[in-house]
Amino acid sequence: VGTDAYVHRISAEAKVFTRAPSEIQNSINKLLKYITWILVFAAPLQIWSQFRLNEVDNWRDSAIRAVGGLVGLVPEGLVLLTTLAFLSAALKLTREQVLVQELPAVEGLARVSVVCIDKTGTITTGNIVFEGIEILDDTDESTVRAALGALADDPAANNTLTTIGDAVHPPKDWIAGALVPFDSSRKWKANAYEGRGTWYLGAPEMLASNNEALLAQVAQHADTGRRVMLVAHSSITAPTTDLPSDLTAIAIVLLREEVREDAAETLSYFREQGVRVIVISGDNPHTVGAIARVVGLDGREPIDARTMGTTVEEISQSLQRGNVFGRVSPEQKRTVVQALQEQGEVVAMTGDGVNDALALKRADIGIAMNNGAPATKAVAQLILLDGRFSHLPSVLAEGRRVIGNVERVANLFLAKNAMSLVAIIGAAVAGIQFPILPRHMTLISTVTIGIPAFILALGPNPRRYVPGLLKRVLSFAVPAGAIAGIAVVAANAVSDDNSGTGATMAALMSFFAILFILSRPLKGWKMALLLSMIGLAVTAYVTPLGSNFFGFTHDVTLTTRSAIVGGIAMVCISGVNRVRSRWLEEKPEGSSPN
């Protein structure tokens, strides 16, 4: 009763807050940490190198040059665009009846390698049909129906009890006394009634574990997909959590759950995507196995969780024997998730009852039904508002889009940081002014990073998720950005230009090559994006308004030399991408982002 009740203990344990793991957030945080340390080193170097080249009365030009380099080291839009990508996915999923309670959960489902599902409410609709009663002794059926109705007359009745109550109707002359409420670990409930002894309702395996003939009869029904419950009676007047010695099996209750029409298609989709599907249910293993077969799941013999132990090691061994488990306790569900995680799997868990709350909380991604228990919805990262499991492929697709697009955006921003760092070091070593002014950096950032990154972050991207986002970003953005930085210094040197025209041209050409690589396959809107950005850059260079604002110098020799340097940089960046793609193909968890 109260805080001692099993449901309250589960709810209390589930209240501890945990955040959904996010490879994107972790990778972005690491990048920001790296960039912060780079700034600590590069800022003093840039300020010193620029101020030492000018007289005291020319400090303004030195300050402008110093700022021009430091601005390029700040990934000012990376966090914003990452958040926008998550937010756009969450808004889109809301229109598809999926409530995202934590933004990283959108990404999380795309990384999932195992989906653990509860049968009720996921494979089935949760609607239960009362099929009938089979009397096991000489008890009158009217008495059994009255007992069933009395047991179902419970203020905390779940869907099963409600269905039974609607079918047999509670009697008015049964006066209830002491009771033992239903418990997910015991799998039964008991009520004493004045002058009528105590009646029990629950799982046959728990109430009559030694009655082999009865259990064989139950198994026959369960193999057809029916749920079977046992009605039993004892003469005691004060039931406890221990079963009495005179407990007698009276009747079995036959129920059937409706299988979702789209369940087979949804589960087939996950299998095609390489995601393992495991059913962990508190119901009879034969019932769970029969329904699993209906939707095309694992054909192996279902496993009774009471035989597989409770430790992570024992459950890990059982997980190798099959994918369908019955009579799983809430604690075992959580341990199943833990065992899978310790094997390196990313686990999603679906459920609707309080007994699923612990497993949902432990899982990397918890998915609850909107008609589920409040405790279960509170710990879930995703809530299916209409209870339809078939929405999950849409979530997976959105997660892939977010991961792929954030990877593209991170490549652009980190490449700019690498370019600025190399240019700062090159200018300091060569003893020259920083080649790019702040207004030039604004042009470069706008047409090759800012606008493209915003559009790419929100665009479609069907690429499958592959682990190792940070490694892929660093392996491309750093060398590509370094080549752009070298091109900036080289263009400034060969053109003998202090206006920054040659350096800006080389930087723009380098970053258009980077944008070309990151936008592949270059079709439709991505081709239009690239061409329009090139058009903006050309307009800024050739029109009087743009040329005057940015201070460009129009000289054939300067333009030719800078274009040659930029062209060489483009070829080198393409070569780096080819080498890097081959290197990643040899790694088990790496692949090109394109």
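The values are calculated or read from the model by the stated rules, or taken from the named source; none is laboratory data. What you are looking at is a predicted structure, and each value in this text was computed from that prediction instead of being measured. Every residue, glycine as well, gets a Cβ built from its backbone with ideal geometry; the counts of neighbours run over all protein chains shown.
Could you please find all residues in the range 523-532 being surrounded by fewer than 16 Cβ atoms within 10 Å (Cβ to Cβ) and either of a type in the set (A, V, I, L, M) or in contact with a His (Cβ under 8 Å, 6 or more places away or on another chain) (or both)? Give the steps one after another, and end with the answer.
Within the range 523-532, the first condition is being surrounded by fewer than 16 Cβ atoms within 10 Å (Cβ to Cβ), and the residues that meet it are 523-525, 527-528, 531-532.
Matches in the range 523-532: MET527, ALA528, LEU531.
Can you name every residue in the range 184-212 that is surrounded by fewer than 17 Cβ atoms within 10 Å (Cβ to Cβ), within 30 Å of THR310 (Cα to Cα) and charged (D, E, K, R)?
GLU212
Restricting the first residue to the range 455-472 and requiring it to be farther than 23 Å from GLN273 by Cα, which pairs with a second residue that is modelled with pLDDT under 85 meet a Cβ separation below 7 Å and a spacing of at least six or different chains?
If the second residue must be modelled with pLDDT under 85, the pairs left are LYS471/GLY590.
Give me the residue from the range 332-360 that is charged (D, E, K, R) and at pLDDT 90 or above and, out of that set, nearest to VAL277 (Cα to Cα).
Taking the range 332-360 first, the residues charged (D, E, K, R) are 333-334, 342, 345, 352, 356.
Retained after the next criterion (residues that are at pLDDT 90 or above): 333-334, 342, 345.
On the way: LYS333: 14, ARG334: 16, GLU342: 17, GLU345: 12 Å.
The residue in question is GLU345.
Based on what the data block shows, is VAL395 among the β-branched types (Val, Ile, Thr), under 20 Å from LYS526 (Cα atoms) and either outside the structural domain of PHE512 (by TED's automatic domain parsing) or crowded, with 24+ Cβ neighbours inside 10 Å (or both)? Outline the logic, then answer.
On the way: among the β-branched types (Val, Ile, Thr): yes; under 20 Å from LYS526 (Cα atoms): no; either outside the structural domain of PHE512 (by TED's automatic domain parsing) or crowded, with 24+ Cβ neighbours inside 10 Å (or both): yes.
Judged against the criteria, VAL395 is not a match.
Among the residues of the range 533-548, which ones are of a type outside the set (S, T, N, Q) and surrounded by 13 or more Cβ atoms within 10 Å (Cβ to Cβ)?
Kept after step one, since they are of a type outside the set (S, T, N, Q), are these residues of the range 533-548: 533-538, 540-542, 544-546.
Passing the criteria: MET533, ILE534, LEU536, ALA537, VAL538, ALA540, TYR541, GLY546.
Would you tally the residues in the range 213-245 being over 20 Å from PRO181 (Cα atoms), surrounded by fewer than 19 Cβ atoms within 10 Å (Cβ to Cβ) and out of contact with any helix residue (DSSP H, G or I) (no Cβ under 7 Å at 6 or more places or on another chain)?
Count: 4.
Output yes when any residue across the range 501-509 is touching a Leu at 6+ places or on another chain (Cβ under 6 Å), of a type outside the set (Ser, Thr, Tyr) and in a helix (DSSP H, G or I), and no when none is.
yes
Can you run down the residue pairs with Cβ atoms below 7 Å, 6 or more apart or on separate chains, where the first is in the range 473-488 and touching a residue at least 24 places away in the same chain (Cβ under 8 Å) and the partner is outside any helix (DSSP H, G or I)?
What qualifies is VAL488/PRO435; VAL488/ILE436.
Looking only at the range 137-179, which residues are part of a helix (DSSP H, G or I), of a type in the set (S, T, N, Q) and either touching a strand residue (DSSP E or B) at 6+ places or on another chain (Cβ under 6 Å) or in contact (Cβ under 8 Å) with a residue 24 or more places away in the chain (or both)?
Of the residues in the range 137-179, the ones part of a helix (DSSP H, G or I) are 141-152, 159-168.
Filter again for of a type in the set (S, T, N, Q), leaving 142-143, 159-160, 162-163.
Correct list: ASN159, THR160, THR163.
Out of the residues in the range 121-136 meeting the condition of being in contact with a helix residue (DSSP H, G or I) (Cβ under 8 Å, 6 or more places away or on another chain) and in a helix (DSSP H, G or I), tell me which one is surrounded by the most Cβ atoms within 10 Å (Cβ to Cβ).
THR122
Could you go through the range 354-361 and let me know if any residue there is without any contact (Cβ under 8 Å) to a residue 60 or more places away in the chain, surrounded by 18 or more Cβ atoms within 10 Å (Cβ to Cβ) and farther than 20 Å from ARG388 by Cα.
No.
Can you pull out every residue in the range 306-325 that is of a type in the set (A, V, I, L, M, F, W, C) and at pLDDT 90 or above? Steps first, please.
Filtering the range 306-325 for residues of a type in the set (A, V, I, L, M, F, W, C) gives 308, 312, 315, 319, 324-325.
Within the range 306-325, VAL312, ILE315, LEU319, VAL324, PHE325 meet the criteria.
Residues to consider are PHE476, PHE516; find the one that is of a type in the set (Phe, Trp, Tyr) and more than 24 Å from LYS33 (Cβ to Cβ). Don't jump to the end; show me each part of the working.
On the way: PHE476 fails: more than 24 Å from LYS33 (Cβ to Cβ).
Of the residues listed, the single one that is of a type in the set (Phe, Trp, Tyr) and more than 24 Å from LYS33 (Cβ to Cβ) is PHE516.
Can you tell me which residue within the range 292-317, out of those that are over 25 Å from the mean Cα position of the chain (by Cα) and crowded, with 18+ Cβ neighbours inside 10 Å, is farthest from ILE278 (Cα to Cα)?
The qualifying residue farthest from ILE278 (Cα to Cα) is MET308.
Pick from LEU103, LEU80: which is surrounded by fewer than 23 Cβ atoms within 10 Å (Cβ to Cβ), at pLDDT below 90 and more than 19 Å from the chain's Cα centre (by Cα)?
Answer to the selection: LEU80.
What tally of residues in the range 180-208 results from selecting those that are assigned to a helix (DSSP H, G or I) and in contact with a helix residue (DSSP H, G or I) (Cβ under 6 Å, 6 or more places away or on another chain)? Walk me through it before giving the result.
Step one: of the range 180-208, the residues assigned to a helix (DSSP H, G or I) are 204-207.
Next, from what is left, pick out any that are in contact with a helix residue (DSSP H, G or I) (Cβ under 6 Å, 6 or more places away or on another chain): 204.
Number of matching residues: 1.
Being in a loop (DSSP other than H, G, I, E, B) and either free of Cβ contacts under 8 Å to residues at least 12 places away in the same chain or touching a strand residue (DSSP E or B) at 6+ places or on another chain (Cβ under 6 Å) (or both) is the filter here; which residues of the range 218-240 pass it?
Start the filter on the range 218-240 by keeping residues that are in a loop (DSSP other than H, G, I, E, B), which leaves 223-226, 235-240.
Result: ARG226, SER235, ILE236, THR237, ALA238, PRO239.
Residue pairs, Cβ under 7 Å, 6 or more apart or interchain, first in the range 32-51 and in contact (Cβ under 8 Å) with a residue 60 or more places away in the chain, second surrounded by 13 or more Cβ atoms within 10 Å (Cβ to Cβ) and polar (S, T, N, Q). List them.
Note: pairs meeting the criteria are ILE35/ASN417; GLN50/SER62; GLN50/GLN433.
Scanning for something within 30 Å of ARG463 (Cβ to Cβ), in contact (Cβ under 8 Å) with a residue 60 or more places away in the chain and aromatic (Phe, Trp, Tyr), does the range 545-566 turn up at least one residue? It would help to see each step written out before you state the result.
We begin by selecting, within the range 545-566, every residue within 30 Å of ARG463 (Cβ to Cβ); these are 566.
Keeping just the survivors that are in contact (Cβ under 8 Å) with a residue 60 or more places away in the chain gives 566.
From what's left, aromatic (Phe, Trp, Tyr): none.
No, that holds for no residue.
Only one of these conditions is not met by ILE432: (1) part of a helix (DSSP H, G or I); (2) touching a residue at least 40 places away in the same chain (Cβ under 8 Å); (3) of a type in the set (Val, Ile, Thr). Which number is it?
Only one criterion in (1) part of a helix (DSSP H, G or I); (2) touching a residue at least 40 places away in the same chain (Cβ under 8 Å); (3) of a type in the set (Val, Ile, Thr) is unmet by ILE432, namely (1).
Hey, among ARG408, ARG321, ARG400, which residue is of a type in the set (Lys, Arg) and part of a loop (DSSP other than H, G, I, E, B)?
Just a single option satisfies the conditions, and that option is ARG321.
In this structure, does PHE454 turn out to be assigned to a helix (DSSP H, G or I), at pLDDT 90 or above, of a type outside the set (S, T, N, Q) and surrounded by fewer than 20 Cβ atoms within 10 Å (Cβ to Cβ)?
Values: assigned to a helix (DSSP H, G or I): yes; at pLDDT 90 or above: yes; of a type outside the set (S, T, N, Q): yes; surrounded by fewer than 20 Cβ atoms within 10 Å (Cβ to Cβ): yes.
When the stated conditions are applied, PHE454 passes them.
Quick check on my filter: what residues within the range 374-397 are at pLDDT 90 or above, under 15 Å from the mean Cα position of the chain (by Cα) and either of a type in the set (Ser, Thr, Tyr) or in a loop (DSSP other than H, G, I, E, B) (or both)?
ALA380, GLN381
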